[in-house]
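What follows is one structure encoded as structure tokens, with my remarks underneath.
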Amino acid sequence: MPSPARAKAVYLAKAAARRLLWGPSDLIRRRREGPLTPPRHLAFVGGGDFEQTGKQFLGYFQELGDLEPGDRVLDVGSGLGRMAMPLTSYLDGGSYAGFDVGREMVRWCERTITPRWPNFEFTWASVYNGKYNPFGKQSGTEFRFPYEDADFDFVFATSLFTHLLRDEARHYLAETARVLKPGGTCLLTFFLLTPEAEAEVAAGRAMMDFRHPIAGGMTTNPAEPEAATGYPVGDLRQWLGEVGLKVREPIHHGAWSNTPGALTLQDIVIAERV
């Protein structure tokens, strides 16, 4: 595991490099495309088209998660509003809350999205993550989501659990269950280790090289474990059950492990609060 000091140094160096690389083009894109264009130097969301990915997942929220326009929705790891933006045109009578460990991303959403859609609120969480917030003051295993019990009809987390260590992931699942209303639904994405996926990794065919052990799972980068984490699918099922979340079958396995007909890169799990 990298030291906190090294994690901070790496984070600052990458942030500076991103600003130098994308800062000038961000100004040009903002003038050309308008104020709702997210700045690329802040977009820690991996590859893929920002707008298209948001629209794609809005479809999954509706088709797989039964999201309704009047629902109260929580976005765990809201980033630069990649999922919030398409929801602004869908939620009608409902409301949205999102939180993230990235302070500047939350500030951008507060300045850009909330004034236009007051039923969308964003909160910064000072939670430590070696890759995304090495300056965080609170452990991910102790962080309490800043919402009341049974507050939400629908909770989602995309590309969030794929960057959490085991104990953090288990705690976030418990918090997800706590804030969901009985009968509420969550859509969560993971890298799940199945025999088929592990065979693809061993053969060098998988898109994610999960060869490096961490507590309870695997990572692609032992120097920066939170870069990508994967956990056995059987363990995830057990963790969900322990906190009162029931999987809505089937699990939709992702393209990362060369699953035929995959919906998206990561594995999608739908679960209901029992």
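For segment 265-274, the condition of being among the acidic types (D, E), in contact with a Ser or Thr (Cβ under 7 Å, 6 or more places away or on another chain) and touching a residue at least 40 places away in the same chain (Cβ under 8 Å) holds for at least one residue. If you check A202 against the conditions, is it in contact (Cβ under 8 Å) with a residue 60 or more places away in the chain and over 15 Å from the mean Cα position of the chain (by Cα)? Spelling it out, it is not the case that A202 is in contact (Cβ under 8 Å) with a residue 60 or more places away in the chain and over 15 Å from the mean Cα position of the chain (by Cα). Looking only at segment 129-155, residues that are over 15 Å from the mean Cα position of the chain (by Cα) and among the aromatic types (F, W, Y) come to 4 in all.
A count restricted to segment 220-274 and to residues that are within 19 Å of F210 (Cβ to Cβ), among the acidic types (D, E) and surrounded by fewer than 19 Cβ atoms within 10 Å (Cβ to Cβ) stands at 2.
Beta carbons closer than 7 Å, at least 6 apart along the sequence or on distinct chains, pair a first residue in segment 113-125 that is closer than 18 Å to G34 by Cβ and surrounded by 19 or more Cβ atoms within 10 Å (Cβ to Cβ) with a second that is among the aromatic types (F, W, Y) and modelled with pLDDT of 95 or more for I113/F120; F120/Y96. Here Q138 fulfils each of the conditions (1) polar (S, T, N, Q); (2) touching a residue at least 12 places away in the same chain (Cβ under 8 Å); (3) surrounded by 18 or more Cβ atoms within 10 Å (Cβ to Cβ) apart from (3).
For (1) touching a residue at least 40 places away in the same chain (Cβ under 8 Å); (2) assigned to a helix (DSSP H, G or I), each residue gets a yes or a no:
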| site | (1), (2) |
| --- | --- |
| Q56 | yes, yes |
| Q62 | no, yes |
| D66 | yes, no |
| P69 | no, no |
| L87 | no, yes |
| D92 | no, no |
| R107 | no, yes |
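Which of the residues that make up segment 74-85 are part of a helix (DSSP H, G or I) and either in contact with a strand residue (DSSP E or B) (Cβ under 9 Å, 6 or more places away or on another chain) or of a type in the set (F, W, Y) (or both)? The answer is A84, and nothing else.
Scanning segment 158-166 finds no residues that are in a strand (DSSP E or B), buried (at least 20 other Cβ atoms within 10 Å of the Cβ) and either without any contact (Cβ under 8 Å) to a residue 12 or more places away in the chain or of a type in the set (A, V, I, L, M, F, W, C) (or both). Just one of the listed residues (G79, G46, G102) is modelled with pLDDT under 95 and touching a Cys at 6+ places or on another chain (Cβ under 9 Å), namely G79.
The values are calculated or read from the model by the stated rules, or taken from the named source; none is laboratory data. Being a predicted model, the structure only gives us computed values, none of them experimental. Heads up, the Cβs are rebuilt from the backbone with ideal geometry, glycines too, and the neighbour counts pull from every protein chain shown.
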